[in-house]
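Each remark here refers to the structure printed beneath this line.
Bear in mind that the values in this text are calculations on the coordinates, not laboratory data. What you see is a predicted model; the values in this text were computed from it and never measured. Ideal geometry is used to build each Cβ from the backbone, glycine not excepted, and the neighbour counts take in all protein chains shown.
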C-alpha cells in the first residue's frame, strides 16, 4: 500500500494509517487463530480415527480409549496460549514489514520473505520459551 | 492560501530543498514545474507533512501546519490543528492512490465515513454528486482495477473533493495520460478551483498544462525556487535554466 501511495493518501486525509491498517489484522488474528487451531485439532483426531478404521489398524473402541487415556485438559490450554503468541507474532511482523516497505514489486517480495523469516525465528524462540514456562 | 517560509529538506545529508519561500494563492491554479528530480514532489510532500521539514515553516491560511523551529512538546500541541487542516485538504496522487479493495463509489465515500456523521443516504447523495461532477456517474459500481488511467484520476479527484476541501494538491495529474485526457483533467481541476474558490497546487512537467491553466507558475531548479511568474511571462523570460526547460519541450518533445 505504501508503494502505491495508499498509505500516504490515508495520512493526508488525517487517518491514523498504522492504527487503521494494522490493528484490525492483529485483533482478527488473535481471534481467529485459536478457532483454526481448535478446528485443526478436531479434524486431525477425526482424520486419525477414520484412517485407523478404514485401514483396520486400530478398532474404533481402542482409538477412542487411547485418545482419552493420557488426555490432559491443560494441553488444550497450552496450545491455545501458544497460538495467541504466534498469532500476534505473525500478524504484527507481517504488518510491520508490509507497512514500511518502500520501492517497487521487488521490494514487496523481499519484505514478504523477511516477514516470513523473522516470524519463523521468533515463533521458534517463543516455542522454546513458552514450553519451558508452561510445561516445566 | 498556502505559504512556505524558507523551507529546507535533506535526505541523508543531501539537500533536496534549499530555502524555498512561496505563496500559493486562493482561487488560482498554482503550478510547480521543474525537471525530474528537481524536488517538486518533495516540496509537495513537505507542504502536506508527509516529509517533515528540516528548516522553515508551512502555513495554511494563517494557521501553522509545520514549523521546524518548534520543540517536541510544541509539535505535539500542533498535532490537533494539523489534523483539522488535513481534513480540509484533498490530494491527487500520481497513481491515483485509490483503495483497490473498494469500488469507485466506496472510494469516494471513504473520507465521509471516516470524518463525518453523515447518514448513509446523505453520503451516497454526496458521492454521486462528486462522481457526476467528474463525469463518472456510470462507473460508480466498478472496481478500481476496471478503470482506465484517466478514470482513476477522475475518481481520485472526486474523492479529494468529497469533503469540500479548501486546498487541493495534485502530484503530476497528467502523468501516463494521453494528451486529450490530460486536457480533460486540467480543465476539471481548474473548474473545481474556480467553482469552490480553493487553493490548488499542481506539480507537473507538462508544458501544455502550464500554458493552459498556469495562473501562477513556480520553476524549481536544483532544489531552489528559480523563477516565479504567470504562464504568459514564461514565454518572455531571460532565465536561462527555465528557457532550457521550456525549450526542451518546444523542440518536439512536448509542444
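Each Cα pair under 8 Å and six or more residues apart adds its separation to the average, and for chain B the resulting relative contact order is 26 percent.
How much length, in nm to one decimal, is gained on full extension between residue B:55 and residue B:215, taken as 0.36 nm per residue of separation minus their Cα-Cα distance? Don't jump to the answer; show the numbers that get you there.
Values: separation 160, 0.36 × 160 = 57.60 nm, distance 2.81 nm.
Fully extending the segment from residue B:55 to residue B:215 adds 54.8 nm.
For residue A:117 and residue A:4, the difference between the fully extended length at 0.36 nm per residue and the C-alpha to C-alpha distance is 38.2 nm. Its relative contact order, with pairs defined as Cα atoms under 8 Å and 6+ residues apart, puts segment B:99-158 at 48 percent.
Relative contact order (percent) for chain A, with alpha-carbon contacts under 8 angstrom and 6 or more residues of separation? It comes to 31 percent, rounded to a whole number.
Nearest 500 deg cm²/dmol is fine: what mean residue ellipticity at 222 nm does chain B get from its DSSP H runs of n ≥ 4 alone, each adding -39,500 (n - 2.57), divided by its residue count? Helix contribution divided over all residues of chain B: -11500 deg cm²/dmol.
The simple spin-label model puts a point 7 Å past each Cα toward its Cβ; for residue A:65 and residue B:62 those points are separated by 9.1 nm. So what does log10 I(q)/I(0) come out to for segment B:174-255 at q = 0.16 Å⁻¹, using the Debye formula with one equal point on every Cα and no solvent? So the normalised log intensities work out to -0.65. Here B:170, B:130 are placed in order of increasing Cβ neighbour count within 10 Å, fewest first, which gives B:130, B:170.
Note on segment B:1-146: Cα Rg divided by 2.2 N^0.38 Å, N the number of residues, gives 1.24. Mind grabbing the base-10 log of I(q)/I(0) for chain B at q = 0.10, 0.13, 0.17 Å⁻¹? Debye formula, identical points on the C-alpha positions, no solvent, two decimal places. Debye curve over Cα of chain B, log10 I(q)/I(0) at q = 0.10, 0.13, 0.17 Å⁻¹: -0.50, -0.84, -1.33. Per-residue Cβ neighbour counts within 10 Å put B:227, A:49 in the sequence A:49, B:227, beginning with the fewest. In terms of its C-alpha gyration tensor, segment B:89-186 comes out prolate, because a/c is 1.5 or above and the ratio a/b outweighs b/c.
Label point of residue A:108 set 7 angstrom out along Cα-Cβ; within segment B:84-106, amide nitrogens under 15 Å from it belong to B:95-102.
Sorting B:153, B:119, A:82 on the 10 Å Cβ count, fewest up front, what's the list? Don't skip to the answer; put the middle values down first.
On the way: B:153 30, B:119 9, A:82 18.
Ranking B:153, B:119, A:82 by Cβ neighbours within 10 Å, fewest first, gives B:119, A:82, B:153.
Post the alpha-carbon centroid distance, segment B:176-255 to segment B:34-56, in whole angstrom. Spelled out, the Cα-based centre of one part sits 18 Å from the other.
Mind telling me which of B:163, B:59, B:70 comes out most flexible in a GNM of chain B, alpha-carbon contacts under 10 Å? For chain B, modelled as a Gaussian network with Cα springs under 10 Å, the answer is B:70. Segment A:119-136 and segment B:63-111 have Cα centres separated by 41 Å. Structure remark: mean-square fluctuation, Gaussian network model of chain B, C-alpha springs under 10 Å; the largest value among B:88, B:120, B:222 belongs to B:120.
From the largest down, segment B:1-87 spans 37, 37, 19 angstrom on the principal axes of its Cα atoms.
In the elastic network of chain B, a GNM with C-alpha springs shorter than 10 Å, the most mobile of B:30, B:231, B:203 is B:231.
When the alpha carbon gyration tensor of the protein assembly as shown is reduced to an equivalent ellipsoid, its three semi-axes come out at 53, 24, 20 angstrom, largest first.
Given axes a ≥ b ≥ c from the Cα gyration tensor, I'd like to know whether segment B:77-125 is rounded (a/c under 1.5), prolate (a/b larger than b/c) or oblate. If you can, show how the numbers build up before the last one.
Values: a/c = 2.76, a/b = 1.26, b/c = 2.19.
Taking the square roots of the gyration eigenvalues as a ≥ b ≥ c, segment B:77-125 is oblate.
With no solvent and one point per C-alpha, what does the Debye sum give as log10 I(q)/I(0) for segment A:1-113 at q = 0.24 Å⁻¹? Those come out to -1.24, one per q.
Label sites at residue A:135 and residue B:145, each approximated as a point 7 angstrom past Cα along Cα to Cβ, lie 4.3 nm apart. Note on A:122-133: average number of Cβ atoms from other chains within 10 Å of each residue's Cβ is 0. From a point 7 Å beyond the Cα of residue B:11 in the direction of its Cβ, which residues of segment B:83-103 have a backbone N at a distance under 20 Å? Once the point is set 7 Å along Cα→Cβ of residue B:11, B:92-97 turn out to lie under 20 Å by backbone N, inside segment B:83-103.
Each label point was placed 7 Å from the Cα along the Cα-to-Cβ direction; for residue B:239 and residue B:73 their separation is 4.3 nm.
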